[in-house]
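Presented below is the structure to which this report refers.
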Amino acid sequence: MKPSREPVAIVGIGCRFPQTVTSADGLWTFLHGGGDASGEVPADRWDASAFFDPSGERPYSVYTKRGSFLQGHDLFDPEFFGYSPREAQMMDPQQRLLLETTWEAFEDAGHPPSRWAQRPVGVFVGLFTHDFEILRGRPTETATNNPYSATGSSATIAANRISHAFDFAGPSMVIDTACSSSLVAVHQACRSLLAGETELALAGGVNLQLVPETVVGLCKARMLAPDGRCKSFDARADGYARADGVGMVVLRRLTDALRDGDRIYAVIHGSAVSQDGRTPTITMPDGDAQRRAIRYALAEAGLSPADISYVEAHGTGTPTGD
């Protein structure tokens, strides 16, 4: 089976995650060492005890006080990115984190962003929470609104903020597919590169927990694990855990990356997106639909399930030696 498309190379990474992880190397070290990022809600976010009810039955309550939280999310150098302090104050911290990690991803790739000004660079950002918008909508906050409030609070601006700040001329969009938003952003970025729409693409996502309202809604739907820990593929699984984080990758067509001598972290051979269709409830996944998506991605990459099984068993190669 031959690949139906050219591979895409990851040539730069910028990220921030809880427990002071600020680089791809730092993330690997944290994971390899079995790090634990879970903790109680910091006091500078909201008063977790005021909303806590172990049963979750009390109106406007939550049954968990835990999650994973970034430090220093409120720190930003506006002048570095050409913004006034007045405008920066009204910017969603998610937008600020995306600007910072985009710069770091280019720096990691060895590509000065100025080299790509006014060129077809695509920006694809996964984002589906609106905590800052909720926060700024409170009566105590709206009195301080200024001309920058609308763009600063809008989720739609997150990708455009990057394109504007770095003078990129390619497609620029925010993608909201809930938990898969960042992965779909990467998928769309690859599609844009391979269609010739862009010379280089940025893809990633951001999530920042700023208000209890989002947690209240998820607790009422019984979606969160009470102990604040994900237990995927485990008989003890009882919900998922929320976390702060931001990550951006610089993507190029593999031939372009090899031609220019880029350092290559990894190569994306195929990807696919699908929908479950009508399941018993809108939040319930469907195994058959997920298997179809995996088959589509394998076909794009020129692989079969047998190839994957061979690699898992032998560590490298395929049954045909490719």
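The values are calculated or read from the model by the stated rules, or taken from the named source; none is laboratory data. If you're wondering where the values come from, they're calculated on a predicted model, not measured in any experiment. Cβ: placed from backbone, ideal geometry, glycine included. Neighbour counts: every protein chain shown. These accessible areas exclude ligands, DNA and RNA; they are computed on the full protein's heavy atoms, side chains included. Shrake-Rupley method; radii C 1.70, N 1.55, O 1.52, S 1.80 Å.
Of note:
- Tabulated pairs, region 230-256, first of a type in the set (Phe, Trp, Tyr), second open to solvent by 50 Å² or more (accessible area, probe 1.4 Å) and in a loop (DSSP other than H, G, I, E, B), C-beta under 6 angstrom, 6+ apart or interchain: Tyr240/Cys230
- Checking the stated criteria, Arg96 turns out not to satisfy the condition of being surrounded by fewer than 19 Cβ atoms within 10 Å (Cβ to Cβ) and part of a helix (DSSP H, G or I).
- Taken over region 198-239, the residue count meeting the criterion of being touching a helix residue (DSSP H, G or I) at 6+ places or on another chain (Cβ under 8 Å) and open to solvent by 30 Å² or more (accessible area, probe 1.4 Å) is 3.
- Remark: Arg115 falls outside the filter, which requires a residue to be out of contact with any Pro (no Cβ under 8 Å at 6 or more places or on another chain), closer than 17 Å to Ala203 by Cα and at pLDDT 95 or above.
- Of all residues in region 188-197, exactly one satisfies the criterion of being free of Cβ contacts under 8 Å to residues at least 40 places away in the same chain and either open to solvent by less than 10 Å² (accessible area, probe 1.4 Å) or closer than 25 Å to Pro112 by Cβ (or both), namely Gly196.
- Tallying residues that are among the polar types (S, T, N, Q) and open to solvent by less than 20 Å² (accessible area, probe 1.4 Å) within region 53-67 yields 2.
- If you go through region 216-264 and pick out every residue that is hydroxyl-bearing (Ser, Thr, Tyr) and either in a helix (DSSP H, G or I) or more than 29 Å from Arg96 (Cα to Cα) (or both), you end up with 2.
- Lone qualifier among Arg58, Arg45 - being under 25 Å from the mean Cα position of the chain (by Cα) and among the basic types (Lys, Arg): Arg45
- Hey, Gly245 open to solvent by less than 80 Å² (accessible area, probe 1.4 Å) and either at pLDDT below 95 or hydroxyl-bearing (Ser, Thr, Tyr) (or both) or not: no
- Contacts under 8 angstrom Cβ, first residue in region 267-280 being within 29 Å of Leu254 (Cα to Cα) and open to solvent by 50 Å² or more (accessible area, probe 1.4 Å), partner hydroxyl-bearing (Ser, Thr, Tyr) and in a loop (DSSP other than H, G, I, E, B), 6 or more apart: Val273/Thr177
- The lone criterion from (1) open to solvent by 50 Å² or more (accessible area, probe 1.4 Å); (2) in a helix (DSSP H, G or I); (3) farther than 20 Å from Gly247 by Cα; (4) touching a residue at least 12 places away in the same chain (Cβ under 8 Å) left unmet by Ala50 is number (4).
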